[in-house]
Each structure stands twice: as C-alpha cells, then as structure tokens.
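Chemist: The structure is given below, and queries will be raised subsequently.
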There are 4 protein chains.
Amino acid sequence: MVAVLKHGTTKEQTELLINWLKNQNVDVNVSEGHEYTVLGLVGNTRNIDVDLLASLDMVESVKVVSEPFKKCNRKFHPDDTVVTLANGTQIGGGSFCMIAGPCSVETHDQIILVAERVKAAGANVLRGGAFKPRTSPYDFQGLKAEGLELLMEAKKVTGLPLISEIMNINHLDMFEDVDIIQVGARNMQNFELLKELGRTHHPILLKRGLANTMKELLMSAEYIMSGGNENVILCERGIRTFETYTRNTLDISAVPMLHDLSHLPVIVDPSHASGIAKLVRPCALAAAACGADGLMIEVHNDPIHALCDGAQSLTPDQYDEVAATVRKVLAAVAQ
Amino acid sequence: MVAVLKHGTTKEQTELLINWLKNQNVDVNVSEGHEYTVLGLVGNTRNIDVDLLASLDMVESVKVVSEPFKKCNRKFHPDDTVVTLANGTQIGGGSFCMIAGPCSVETHDQIILVAERVKAAGANVLRGGAFKPRTSPYDFQGLKAEGLELLMEAKKVTGLPLISEIMNINHLDMFEDVDIIQVGARNMQNFELLKELGRTHHPILLKRGLANTMKELLMSAEYIMSGGNENVILCERGIRTFETYTRNTLDISAVPMLHDLSHLPVIVDPSHASGIAKLVRPCALAAAACGADGLMIEVHNDPIHALCDGAQSLTPDQYDEVAATVRKVLAAVAQ
Amino acid sequence: MVAVLKHGTTKEQTELLINWLKNQNVDVNVSEGHEYTVLGLVGNTRNIDVDLLASLDMVESVKVVSEPFKKCNRKFHPDDTVVTLANGTQIGGGSFCMIAGPCSVETHDQIILVAERVKAAGANVLRGGAFKPRTSPYDFQGLKAEGLELLMEAKKVTGLPLISEIMNINHLDMFEDVDIIQVGARNMQNFELLKELGRTHHPILLKRGLANTMKELLMSAEYIMSGGNENVILCERGIRTFETYTRNTLDISAVPMLHDLSHLPVIVDPSHASGIAKLVRPCALAAAACGADGLMIEVHNDPIHALCDGAQSLTPDQYDEVAATVRKVLAAVAQ
Amino acid sequence: MVAVLKHGTTKEQTELLINWLKNQNVDVNVSEGHEYTVLGLVGNTRNIDVDLLASLDMVESVKVVSEPFKKCNRKFHPDDTVVTLANGTQIGGGSFCMIAGPCSVETHDQIILVAERVKAAGANVLRGGAFKPRTSPYDFQGLKAEGLELLMEAKKVTGLPLISEIMNINHLDMFEDVDIIQVGARNMQNFELLKELGRTHHPILLKRGLANTMKELLMSAEYIMSGGNENVILCERGIRTFETYTRNTLDISAVPMLHDLSHLPVIVDPSHASGIAKLVRPCALAAAACGADGLMIEVHNDPIHALCDGAQSLTPDQYDEVAATVRKVLAAVAQ
C-alpha cells in the first residue's frame, strides 16, 4: 500500500501517522519529494482501513498495491482450474465447453427436441431457464419447479449435464441434480446468495453484472471460493454501454484479461451479449478465436411460431453450422 | 404499441401478421409510407410478446407506447403518495424527511450519541447499518443482529423511527421493529427479495442501482407494489459514471423526473452519491432546492479516530449547519 | 511518482531500473514488501515516460502522484479566478452570472425581443447560437455569419455582452466582438482549436464533453491556459449516462468538486443537461444551491409556433420566475 | 415517423395538429387506443422538426422510423463499398487489409526498419503518427511535418501506402501524399473537419469516438459522404466503459452490426482498444473471426529501450506470429 501525503504536512503530523501505522504492524518507508511525501507501507497491510486512511486531511491519496482477490488470483495459483461435472465433463484447462439450449424451458417436447439437436451438434451441457429474472413483475417468470423437472427428463434422455439459474437461496434443494448452478448478472452482487453457494460443492457459473468491472466479478467469485467452493466458472455476457443497436456490448477482451488475472475458466454467452440472433455467430467465433473456455448459446426450435426467428436464439440448424465453424476456429488458433 | 414493417414486405406477409395480431384481440391501423408501413396496435396489447414481434423478419422495429409501470405511475394516481411511519412521521406529499446516522452501527455509546445529536439537529429518522453489503468477503460485514439490537435501544432512548438495510429474505423477522426497510443499490433487481417485501406492509426505501435507469427503478418499485405493499420510497444515491474524482455521480435531475413519472416520495442520499464528506453539503442543498422529499445523510462521531474526518460522514457539528441551511433553502424555493 | 515492482523481480533487474531512473535525474526510495517492492520516485519526474515505465515487464503498476494540470490547479493558485468582460461584468469570485438567450439566433426581431426580456429578468450576458454543431449534416447548421451580425445588433440595443460558439479556427476573426467564445462539448478535445484560442486573450467558456471526466476538462482548460490565455470559464452541461428519460445527466457534484480542484469559475447549463424544459427550473435551483458561479439558460419566445413550448427552452415568463427564485436560493445559502 | 398523443388530448387539439402536419405535406393515419392515440406520419417527413413535435404538450413521444443516415446506409446501397488506394490496394469487399506501424514516427531508421518488417509479415499499409492528439499540452505532440516527411521516405523505400492522422483543417496540403487520412476518435464529431474532408477525394479512415454510438459514427461518415467523398473506412478502436483493467473496451459486435447497417468497410484497431500489448493478439484474432475488413496494429522496434516491451505495441517478431495466425483464422471462417 502506498500513501501520498499532501504538500504542507508537518513533521509532527507525519510522525503521528507513521506511529499509528506502525502500531498496526505495518512498516513504513518514507520518500520525500518537493511536492509530496510518499509512504510505502509493507507488511501486514490488510488490517489498514483504506477509506479511513484516504479520508485523513493530510493524505492526498492511497494506492492499494495488492489485488483484493486471493483465491481466484492466478498469481497464487498459476495453473488453470478445471471444473469437473458429475459425468466427467471438464470445463477449463484446455477443454472447450459447448453449452446450449432454450432461454426458457417451455414444454416436455420442446426441451427434449432441442436437447437432442444440440447434443448432435456437439454440445456437452444443456441450458434451460426455469426461474427467470424479469425486469417487469408482469412478465413470464418461468415454469419454476416444473421447468426443473422437464430439464431432468431431458438429462435422462440425452445424458447431457444441466445448467440452470438460481434466484433464491431457499430454492437450493431443488437444484441438487442441476450440474451447474448459474448466478445471473442481476445477482452478481447478491452476496448472501454467493455466501450460501460457497457452502456447497456445486459447480457455479457466475455471470458478470451489466455494469460491473472484472475486479468486481472476481470479488464475487471470491465470495463463493472463500466459503470453500472452488468450482467457479466465470461468464462474460455483455456489459451495458451507450450503444443501442445491440442489447449489450460483448467485452471480448475480458476473456484474455480474466485469464491473465485468474485461473478460473471463462465462458462467453454471445446470445445475451448481443441480444440479436444474427450477431451470435460472429460473436461466438470471436470468443473461440480469443481463447474462451466455452460458449453458452441459446437454441430454440419453435414450429408453432413459424413467423418468429427468435430475438436472440438460433435454430438447431443454425447452431449446427456455428458449432462446426467454432471447431475450425479453435483448430486455427491452437498453437 | 407501434410496429414498423420493413420496406419490401409483401401484402401477404402483412396480412398474415395482421391476422395473427387480431387473433390476440388487438386492433390494427395501417399507415403505408414509401419506405415503411406503420401498424398502430390498440386494444389488449399487453398479451403481445414484444420481443417475439420485434424479432420477426418483416418487422423493422417495435415501439411500446404505454409505460410498463402501472401502480407507481403518476398518470393513474395523480396525488402524491404519503408514507406514514408507526409514530406518525410522514414521508412525501410536502413533508421533508431528514434521515441521519452512522453508516455502520458500531457500539451502544456511538449509536446513542449520534442519535441524540441528529435528533437535536432536526432529523426525524435514524439510519444505521447492521448488515453491510461489501464488495470483498474479507471486509467488515456489519454487526448483524447485534447491530439491530443497538438500533432498537437508540429508538427507545430518542423516539426516532429506524431505517436499516436488509440483504436476505430470511432475516425479515429481525426487521419487525425497523420502521423503514432499506433495499440497497446492489439488490435493486433482487426480484425474489422485492416480491417477499411486497407481501408485507412495511415501508420500503428502494435505492436506485449503480447503473440502473429510472424506468428500471420504477419497475422494481412495481415488484413491491404489485404484491400489495404500496409504502415505497424511492432513493437516488448516485450512479456509476466515468468520473473518478467522485465515487458516484448524483443524478439530481432524477428528483424532478421521478416526481413527474411517479407519485412515490423521492429521497436523496448525498453521502453515498459523492463518497466525499466535503461534497455532502453542496449536494444536500442542491437536493433540497430541486424538490426532494428528504435527505439521508451519514453522520458519525468518532473521538477515538481523531485523525479521521470520515470518508463520507459528517460530524454532528457539520450536520447541524447543513440541516439549518437545508431549511433555509426549502423556505426559499417554497412557492 | 510511485512504481510497484512485481513479485519475483531480481535484485539485478531492480538495480538496472533504479540506475535508469537516476540517469533521468530522479531520486528513488525503495520499500521492500513480501509481495511487492515499491519505488518512490521524487525529483524531476516530469521527464519520465509513464507509459513506458508501466509497460516494463517487471513493473506491476505506476501511480502518478502530481496532478497533470498546473495552471488551472487551485493548489498553485488558491484564489478564485475572476474573468472580467469588456463591459466590466465579472464572472467568478462571488459574482453570479446569468447567461440567457435562444439556442439558435433566428431573426432580428426574435433576438432583440428575447434579449430585452432576459435583461429585464436580470440576465447579464446574452447567448445565441450562430454556428450549430449538429449530429446530422442534414439538420439546420445555424445562420453562421448572419447570426453573429444579429447578435451584435442585440448587443447594441441592450448593452448585454455576448456569448456564442466557435466551431472552426478559421472563423476566429468573426468572433472579435463576441465577449465570450464558447467551445462546445464535442470540441472539448479539439486540441488544435484550444491551442489557437490560447493565443488570444478572449474569455473562453469551455464545455465539458459528453463522456469526459473532470480531469480531462481541466486538461483541456490547461491547453488554453498554457498558451497564455487565463480567461477560462468551465461549464458543466450534463454528461452521457444510461438514463433515457433525460437527454443527459447533470453532474451537480462537479460544481463543488471543480471548485476544489481549480480556481476557475464554474457555470452550469441546465437546459442542455436535461433537454427538457420542465427540468430546467429544478436543475437551475440546484446549481445555485450548490455554489455554481452562474447559469446558462435557453430562453425562446415563439409566437408563430404557438403549439410548441420548446423542447428545452423556457419562455421569457418562465425565465422571470426562475431568475427570481434563483436569487432567493443564493440568498439562502450565502453564509 | 410515429407520434403518440397523450391521453386526454381533445378532438380539436388533435385536428389542429393533423392540419399542421398536412400543411407540411405529410399524410397522417390515426389509430385511436384506450390510453393513447397514435399518428402514423408518412410522406415527406424530413421537413418535420422532431424536437419541436416531441415538445408539444399533447405529444407523449415521437419515434423516427427512417434511419437518419442515407449515403452510408446499406439499405440503399446493398453492395460493399471497396476503397481503392493509389497503388491499387483494396479495402472492403472481401480483401483483408493489414495496417501496421509505430504509434509515433520517431526517426528515419525507426520508420524504415518497422516498415520493412511489417511489409515482410504481410502488412499492406504503413501507419505512423506525425500529429498526435494528447490529453495534456505538456506531452509529446508528434514530429508534425517532419514526421510526414519520414513517412514519405518509408513509402518510397517499401512501396507501402501510408495512413496518418490529421488534426487541423489547415494541414490538409501536407497530407497530399498520405494515402489514407485518419480522423481520430476525439475529432469524430469535429464537423468542420469532416465537411472539409468531404470536399476531397482522399480515402478517410474515421475512428469511432470513445463514447459514441454506431449511429453517431455513421452520421459522421455521412458528413464526409454528403460532401461528395464516398471513400470512407470505419474503424472500431474501443469504447469507454467502467472497466479499468483495459484502457478501452473493444466492441467486437460493432463489426457485424456496422456491416449490417452500412456498406462501408470496417477496420479494427486492437492496439488502442485494449492499450495492452498482450491483449492485441487475442483481440486481433477475434476481429478476424467476426468478419472485420482489416486490422490496424501498432508495431515498434526499439533496441535502445531494451527494458520496454511497449505499452500497447507489438515487436516485429510478435507481429509476424499474429499476422500468420490471423490468416489461419480468416481461412477457418471463410465459407
């Protein structure tokens, strides 16, 4: 930690501060400049209240040198984390994970049909929303428990492991057979939910919040990991920007940057990132090219709504093509 | 609702779409232009799936005319909502509410001392954090149940009604004697929490999320109100922008704009909005000048940490002066 | 300047770097910690290329301690700058400046009529756009030279000093009798224009860019001042955020923060900040309450377009009331 | 254009408005709903002042149906624009353009050496900054005219066409032999500069502003094209977001989205987008995978500053590898 003292701070004030810091078991090195004095704090700086220190009249600014995340920090764990699902499917460490399925589970036939199609195209995890976070209380909130039942049936039929979103701590029991529990963007800083998930050993896919930084995403991963659950998968799903032609903006550079900062796997969700079906393919290829550990893509088969090509969902046929081209890109960038 | 059809849409496609809409009990008026055809949809448009409609190949764009919030919409409830606390204190409708107290409840002596000082300065609600949402799992998380106990004692001594933040649905029982339950910025879209609070009759202060729009804030209020609880107070507490000199950016125009859109009271929190003690006074005066229904200000008395002037807290003496000047501004703008 | 060296940097590398720094006349103090080594650089650090230093493999991060703005920095010039116009009108240092007038100059009668009305209401500077920056090349671009002529006539009739926006260095001659030259938000980082204006002694009103930080605003002021022109007035006119109900978001806390950082006067433009006439009054009162040095407000009188109340313009009657209430607020907050 | 009238608007008011619209040669279709009346305006709507219409008391909102950009709109020009340089090099329409070179031109030897290396790696345009837009007036502003001279020498030696940034209309003469004139992000809305460039036939590379939308980028392209110069290349170079680990956020979905909206070529600049050398490779591969028409990459060879790996520049060796892998990705995604 580095503290910069304002010009005009007296010797006495400086010594008072240094003593206060030393009493907290911190060593202090002083660099005196013309305009500022810089204190280099080393040792047990974790006990220092940064906000308190920064708010002192004599202090110009404080710089925290150590990153606040520890358990997910690659510095302390250089090797990639590999999350292994119950059926042996691996996520991270070189495997490329293909998650696909409908936004919402709707009917038995729908989920079975989509599951079989995406499996045939190479997907190895089935996604499906049972509990849906909706901005409006008047919008469809998902089939809930019934939706989870339908997912289990699709798992039984196809053998695909499942991922589905949790919104309420009290629903945890219902997710016992869901292979990966998803924490949605709006709950990324629902710390009580994160803490509870940290007490399980369930694989967790943690989505980045709409306006959250990578550091905040990693701190939320840290909440889960500090509880003892190290099976965390990060997910970049687009952030809010001023752009209106796309729903969100896929932060593609987050993939290599998160890999640099952390040993956790990083999955990209191009469907939510763009919100537009025709952008899913190029964004998926970009994610594969820049080193993502997998893709989560919405696929929907809807013969009843023939008019509809799906706001952000691919048809199974489109998914076939995207999955095949993704594999070609992965081969091209493999070193 | 208005749907714009792309240039080149055939008569047959247009009629297919119009029939599909009419089957859903919607009337359709057609305006044919050179470049586009515009369909004006009237009647029972709530059943129309906007995303589905917008995703049709033939549809250029869809505009939803009605606002999605109903219960908090001033159009349907022209009169200001007045939230009345158990001791008769009124919020909204012309009363100006002064909420003050420490960020975190720390000790018995601290909370009693601060409560007495802010009451003497004119505050009529005491704030104090017991459960604290912290970005890092390694930071102080609040005194929790013990903090609520200390707040109750301060209420007994001073008679001030209480406000404190809830983070977990399962803690609701503990908040029975807390007069206003606060939903923090990070939980603004924790819809499960909002729904549960909608089943109570507790006054709720709902803080705007760091990167949320006013419409999203009102939709979250709608979650609470659609459950039956109309005692909702909105709180502007600063939004995230690119600015780094201040922690957040107080959106002062949200006060008159929210008053225009909704009948709910609007409180401003200048302490969290700026994150810097010296900005609290000017921001508080600005809020009073532009029609806010009250102010929530952090006040802290800390003789032990004499070095510290508090990152964003005022001293009781500073609060005295701010409260007095706020009253002068209120008098100046009263018509 | 502070440089943090990565864990694992060898003694030899560290000494190589220290020698390189010392060769550039910088003194280096070393603080060795468990995880990091911190170098405190003092002396002639201005010659150090920060980006170069930060990009070294061994360097974790660099923190620049000194602010990059010098001439507009309050640290080196504690007293408020007062900009004095040709007719003696003062801006800054306790005077409150009321700038008002139409967005665009349209006709002789319009500008004379508005000028007389705003003067009667207490305005002491007349605004009027002659050259208009429009997002679309197909939109009205202003009356240009003819608009400036009409402004001169209004100045002759009313005696009000003028402010108008420049968009092109080559137009400078035309602005000789314009008392304050405005640099618009889109040109805040048109450095060539700023440099040219720095060679004049004209008072310059510099608007903050739509997505620029206060530091960037001050660096742009520095461009003008480093050329020798210290007559710079800062203008907060709303920043871009995710909010859509208002055109921009007025950053009210920028007023006290800029006053803290700089000695330059700070004017608020509530008309462009909100983009909605009914929000101009509350935002103007807020600006007056929080210490702004003046207000720039759009006023328009349009008997021809009787249907129109002006997207963001006040009528002269509305301006009368706002100006009177602003004076009451100023009296209330005067200490 | 669609105008929504507020609930409670009288028949008389509605007719008054309809007549006013018809007098401007616009046809009006009326859709009456329970809560709103919707007017569909067709015909010559370009003359309607949208802001004026939207500001009417009776008008709830206005929706502009047509896109405001015409000349760059793919709807009216379905085929890709191909920009052809003096030496025959093509940009757009299936060619992949590799622009590379140093951020700033420094010396004769530097620019020749880098030019020869990037040419050998497959680059077909040489970049080099002569006039540098710097946030601080105290930072290096480029070699200016001398820098352009050095670029010409490199062109003579290698045969590579040149791209360099213009900052001032009055410098246009100096750019006669620069094959592509770059308009930087900070000048994207310097409309006077754009208009002047529209009067030439020079190929223009227009960079997206830091906080500008795609629509604003296209409107700025429209400024150039409406002057008669259709040789415009769009450049995505990262936008400002809340993320701090990267300098900017590369908006990768802008590539397919801009291709959908416009027929102009789209180049990606991964160097400025991320600001970090190690992110350039993954971002470049992502851009190639998602359909960009080319890449502009900073390459620097600096034997003197051996300590430095360049904040965002690749070494010639690194560029060799990136260029080769980009070609593999292009082959993988070719259909």
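Chemist: Which numbered condition trips up D:Ala284, out of (1) crowded, with 23+ Cβ neighbours inside 10 Å; (2) assigned to a helix (DSSP H, G or I); (3) under 11 Å from the mean Cα position of the chain (by Cα); (4) not aromatic (Phe, Trp, Tyr)?
Modeler: (3)
Chemist: Test of understanding: among D:Asp51, D:Asp79, which residue is more than 9 Å from every other protein chain (Cβ to nearest Cβ), surrounded by fewer than 20 Cβ atoms within 10 Å (Cβ to Cβ), of a type outside the set (A, V, I, L, M) and under 28 Å from D:Glu222 (Cβ atoms)?
Modeler: D:Asp79
Chemist: Working carefully through the options D:Leu126, D:Leu113, D:Leu160, D:Leu150, find the one that is in contact with a His (Cβ under 8 Å, 6 or more places away or on another chain) and either in contact (Cβ under 8 Å) with a residue 40 or more places away in the chain or crowded, with 22+ Cβ neighbours inside 10 Å (or both).
Modeler: After ruling out the rest, the residue left standing is D:Leu150.
Chemist: Does segment C:34-48 hold any residues that are more than 9 Å from chain A (Cβ to nearest Cβ) and either surrounded by fewer than 17 Cβ atoms within 10 Å (Cβ to Cβ) or within 30 Å of A:Asn25 (Cβ to Cβ) (or both), and which are they?
Modeler: Within segment C:34-48, C:Asn44, C:Arg46, C:Asn47 qualify.
Chemist: To continue, here is another question. Say we look at segment D:59-68 and pick out the residues that are outside any strand (DSSP E or B) and within 8 Å of another protein chain (Cβ to nearest Cβ); which of these is surrounded by the most Cβ atoms within 10 Å (Cβ to Cβ)?
Modeler: The qualifying residue surrounded by the most Cβ atoms within 10 Å (Cβ to Cβ) is D:Val65.
Chemist: Condition check: among the small types (Gly, Ala, Ser), within 29 Å of B:Leu261 (Cα to Cα) and modelled with pLDDT under 95. Does B:Gly94 satisfy that?
Modeler: It is true that B:Gly94 is among the small types (Gly, Ala, Ser), within 29 Å of B:Leu261 (Cα to Cα) and modelled with pLDDT under 95.
Chemist: Collect the residues in segment C:217-236 that are surrounded by fewer than 22 Cβ atoms within 10 Å (Cβ to Cβ) and of a type outside the set (S, T, N, Q), keeping them in residue-number order.
Modeler: C:Gly227, C:Gly228, C:Glu230 - these are the residues of segment C:217-236 that are surrounded by fewer than 22 Cβ atoms within 10 Å (Cβ to Cβ) and of a type outside the set (S, T, N, Q).
Chemist: If you don't mind, there's one more thing I want to ask. Among (1) at pLDDT 95 or above; (2) surrounded by 18 or more Cβ atoms within 10 Å (Cβ to Cβ), where does B:Cys103 come up short?
Modeler: Only one criterion is unmet by B:Cys103, namely (1).
Chemist: Moving on to the next point. Identify all residues within segment D:177-212 that are surrounded by fewer than 21 Cβ atoms within 10 Å (Cβ to Cβ) and of a type in the set (S, T, N, Q); write none if there are none.
Modeler: Correct list: D:Thr200 only.
Chemist: Away from chain A (no Cβ under 14 Å), over 30 Å from C:Thr244 (Cα atoms), over 18 Å from the mean Cα position of the chain (by Cα) and not basic (Lys, Arg), is that true of B:Asp139?
Modeler: Against the criterion (away from chain A (no Cβ under 14 Å), over 30 Å from C:Thr244 (Cα atoms), over 18 Å from the mean Cα position of the chain (by Cα) and not basic (Lys, Arg)), B:Asp139 does not qualify.
Chemist: Tell me which of these C:Ser31 doesn't satisfy, since it passes every other one: (1) closer than 17 Å to C:Val65 by Cα; (2) more than 37 Å from the chain's Cα centre (by Cα); (3) more than 8 Å from chain A (Cβ to nearest Cβ).
Modeler: The single condition C:Ser31 does not satisfy is (3).
Chemist: For the list (1) touching a Gly at 6+ places or on another chain (Cβ under 7 Å); (2) over 19 Å from D:Leu217 (Cα atoms); (3) part of a loop (DSSP other than H, G, I, E, B), I need the number of the one condition that D:Tyr138 fails.
Modeler: Unmet condition: (1).
Chemist: Same structure, new question: Out of the residues in segment A:111-136 meeting the condition of being charged (D, E, K, R) and within 19 Å of A:Phe175 (Cβ to Cβ), tell me which one is farthest from the other protein chains (Cβ to nearest Cβ).
Modeler: A:Arg127
Chemist: Do we find that A:Ala145 is under 14 Å from the mean Cα position of the chain (by Cα) and surrounded by fewer than 24 Cβ atoms within 10 Å (Cβ to Cβ) in this structure?
Modeler: Criteria not met by A:Ala145.
Chemist: Taking segment C:126-144 on its own, how many of its residues are in contact with a Leu (Cβ under 8 Å, 6 or more places away or on another chain) and under 11 Å from C:Ile166 (Cβ atoms)?
Modeler: Adding up the residues that qualify gives 1.
Chemist: Can you find a residue that is in contact with a helix residue (DSSP H, G or I) (Cβ under 9 Å, 6 or more places away or on another chain), modelled with pLDDT of 95 or more, closer than 21 Å to A:Arg247 by Cα and basic (Lys, Arg) anywhere in segment D:237-245?
Modeler: Looking through segment D:237-245, at least one residue is in contact with a helix residue (DSSP H, G or I) (Cβ under 9 Å, 6 or more places away or on another chain), modelled with pLDDT of 95 or more, closer than 21 Å to A:Arg247 by Cα and basic (Lys, Arg).
Chemist: Within segment B:62-70, identify whether any single residue is within 22 Å of D:Glu60 (Cα to Cα), among the basic types (Lys, Arg), touching a residue at least 12 places away in the same chain (Cβ under 8 Å) and out of contact with any strand residue (DSSP E or B) (no Cβ under 8 Å at 6 or more places or on another chain), and answer yes or no.
Modeler: Yes, that holds for at least one residue.
Chemist: Something else about it: Output the residues belonging to segment D:207-223 that are more than 9 Å from chain C (Cβ to nearest Cβ), in contact with a helix residue (DSSP H, G or I) (Cβ under 7 Å, 6 or more places away or on another chain) and either among the charged types (D, E, K, R) or closer than 13 Å to D:Asn187 by Cα (or both).
Modeler: Residues satisfying the conditions are D:Lys207, D:Arg208.
Chemist: A further question on this structure: Suppose we filter D:Ala323, D:Ala331 for residues that are surrounded by 21 or more Cβ atoms within 10 Å (Cβ to Cβ) and either part of a helix (DSSP H, G or I) or out of contact with any Asp or Glu (no Cβ under 8 Å at 6 or more places or on another chain) (or both); which single one remains?
Modeler: That would be D:Ala323, the only listed residue that is surrounded by 21 or more Cβ atoms within 10 Å (Cβ to Cβ) and either part of a helix (DSSP H, G or I) or out of contact with any Asp or Glu (no Cβ under 8 Å at 6 or more places or on another chain) (or both).
Chemist: What number goes with the only condition from (1) surrounded by fewer than 24 Cβ atoms within 10 Å (Cβ to Cβ); (2) among the hydroxyl-bearing types (Ser, Thr, Tyr); (3) in contact (Cβ under 8 Å) with a residue 40 or more places away in the chain that D:Tyr245 does not pass?
Modeler: Condition not satisfied by D:Tyr245: (3).
Chemist: I need the full set of residues from segment D:251-275 which are buried (at least 22 other Cβ atoms within 10 Å of the Cβ), touching a Ser or Thr at 6+ places or on another chain (Cβ under 9 Å) and at the interface with chain A (Cβ under 10 Å from one of its Cβ atoms), in order please.
Modeler: The answer is D:Asp251, D:Ile252, D:Ser253, D:Ala254, D:Pro256, D:Met257, D:Pro270, D:Ala273, D:Ser274.
Chemist: Inspect all residues belonging to segment D:13-23 and state whether any of them is under 30 Å from D:Glu176 (Cβ atoms) and either at the interface with another protein chain (Cβ under 7 Å from one of its Cβ atoms) or buried (at least 20 other Cβ atoms within 10 Å of the Cβ) (or both).
Modeler: Looking for residues that are under 30 Å from D:Glu176 (Cβ atoms) and either at the interface with another protein chain (Cβ under 7 Å from one of its Cβ atoms) or buried (at least 20 other Cβ atoms within 10 Å of the Cβ) (or both), one finds none in segment D:13-23, hence no.
Chemist: Under the condition of being facing another protein chain (nearest Cβ under 9 Å) and of a type outside the set (Ser, Thr, Tyr), which residue from segment A:225-236 is farthest from D:Phe242 (Cα to Cα)?
Modeler: The qualifying residue farthest from D:Phe242 (Cα to Cα) is A:Gly227.
The values are calculated or read from the model by the stated rules, or taken from the named source; none is laboratory data. It should be emphasised that the depicted structure is a prediction, and the values quoted were computed from it without experimental measurement. Positions of Cβ are backbone-derived with ideal geometry, glycine not excepted, and every protein chain shown enters the neighbour counts.
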